[in-house]
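Values in this text are rule-based calculations from the coordinates and carry no lab data. Being a predicted model, the structure only gives us computed values, none of them experimental. Using ideal geometry, Cβ is built from the backbone for each residue, glycine included, and neighbour counts are taken over all protein chains shown.
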């Protein structure tokens, strides 16, 4: 923590570090992580404000069922991110390594080939999803009460698919900036989107716009924003006039094999997380009904005051871990992991208990005295976000060290246990059963194995 605070004080003086030495490189990692965290804090604060404003603007106008349709379709983005086959996350580690120990020419090759691959994947995914959703009835996926809502749901799904297909390569652009340790650029761009998006939503609500337009003004706006980063990426990676390629020639096929090798485990992890916890809103809409998604979304938004600040601090450490791994800095890896775990657990516990006690008052203050959420749902969500925050903290370490196979094993075990419970418990407990199943599966299949693994893995590490 002392190094991290010192880095905060040196953010505006990057020349103060000495990257040629081990201590200098460690300080530079903390400096970049701190800069990325501060920009992430700005973006996340804008994002939370954005969500609070959007819910208060749209829930009264849409009513619970139409609001649930909107949120259910938007949540599918997290479920379907595995369709990039893990290439986006694989680019983070591959770009970080190239930046640390390979040439500028090789870095440009890796970025160009990765983005080209993601563009092809986006095209294939868009065509396949459009075909599937038109071949099979959407009623099985999202239960609604009228033919009018079915038609609006169809339009919303078609709009989402088009945006998702375009968004796959643009997601890759953001991951390249992550690998370059310029995460702050991505976060500032997102913050701008969070500020502008509610203005469009307000105008749409005033004109009784349909759900597809609201989806475009929210999910679509954030999806297309990385277009603004392309000129900056080109300026960062373009070769100097006199620069000649150095090092042995590496074919595009070899690069793609290497990238897909890294990405394959990320792909499996994305599928596991999509099934395990990102699909909760979709399961609620399918098993209980679209209206049941609304209380779940409200509580989730409330508890983002726990998860978002921790994500702000912990996510930039992924690339710092990757850089330290490439340079063999075991001391940085161990110390940073233990510090991040300690502070994550303390903050998540205190903040969750506080929000749980104030939840009823905060919801009433936010949406008016007529809107309430079940107490049991609030308690279960509070437990879940503590577990999720600690698990995310550990996964950043495992991602940075490319220790994904273990994550894959425990994630698949979690899906095997939690998914049947999520489909069975809602029949008697409603949406509370979905969150409860997540908590039980996460403790048994992820947190306990993580604890055993880390005790063995860190033993003897300096």
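Summary table
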{"quantity": "Expected 222 nm ellipticity per residue - DSSP helices of 4 or more, -39500 (n - 2.57), all of the chain, to 500", "calculated": "-26500 deg cm²/dmol"}
{"quantity": "Contour minus Cα-Cα distance for residue 228 and residue 349 (0.36 nm per residue)", "calculated": "39.7 nm"}
{"quantity": "If the convex hull is drawn through the Cα atoms of segment 96-201, its volume per residue in Å³", "calculated": "124"}
{"quantity": "The chain - Rg and Dmax from Cα coordinates, angstrom", "calculated": "22.2, 70"}
{"quantity": "FRET efficiency for residue 104 and residue 387, using Cβ-Cβ distance with R0 set to 35 Å, rounded to 0.05", "calculated": "0.25"}
{"quantity": "Degrees between helix 330-367 axis and first principal axis of the chain (Cα, 0 to 90, nearest 10)", "calculated": "20"}
{"quantity": "Ordering of 114-125, 327-338 by packing [mean C-beta count within 10 Å, highest first]", "calculated": "114-125, 327-338"}
{"quantity": "Spin-label pair residue 335/residue 208, simplified geometry with 7 Å Cα→Cβ offset, distance in nm", "calculated": "6.4"}
{"quantity": "Packing rank of 420-432, 137-149, where each peptide gets the mean count of other beta carbons within 10 Å, highest leading", "calculated": "420-432, 137-149"}
{"quantity": "Contour minus Cα-Cα distance for residue 112 and residue 428 (0.36 nm per residue)", "calculated": "108.6 nm"}
{"quantity": "Distance between modelled label sites at residue 454 and residue 45, nm, 7 Å Cα→Cβ extension", "calculated": "2.8"}
{"quantity": "With Cα atoms, 0 to 90° folded angle of helix 293-302 axis to the chain main axis", "calculated": "40"}
{"quantity": "log10 of Debye I(q)/I(0), alpha-carbon scatterers only, for segment 350-431 at 0.17, 0.21 Å⁻¹", "calculated": "-0.89, -1.04"}
{"quantity": "Label point distance in nm, residue 137-residue 52, each placed 7 Å from Cα along Cα→Cβ", "calculated": "4.3"}
{"quantity": "Extension gain from residue 366 to residue 158, taking 0.36 nm per residue of separation minus the Cα-Cα distance", "calculated": "71.7 nm"}
{"quantity": "Rounded to 10°, Cα long-axis angle of helix 252-273 versus longest principal axis of the chain", "calculated": "40"}
{"quantity": "Ordering of 55-66, 294-305 by packing [mean C-beta count within 10 Å, highest first]", "calculated": "294-305, 55-66"}
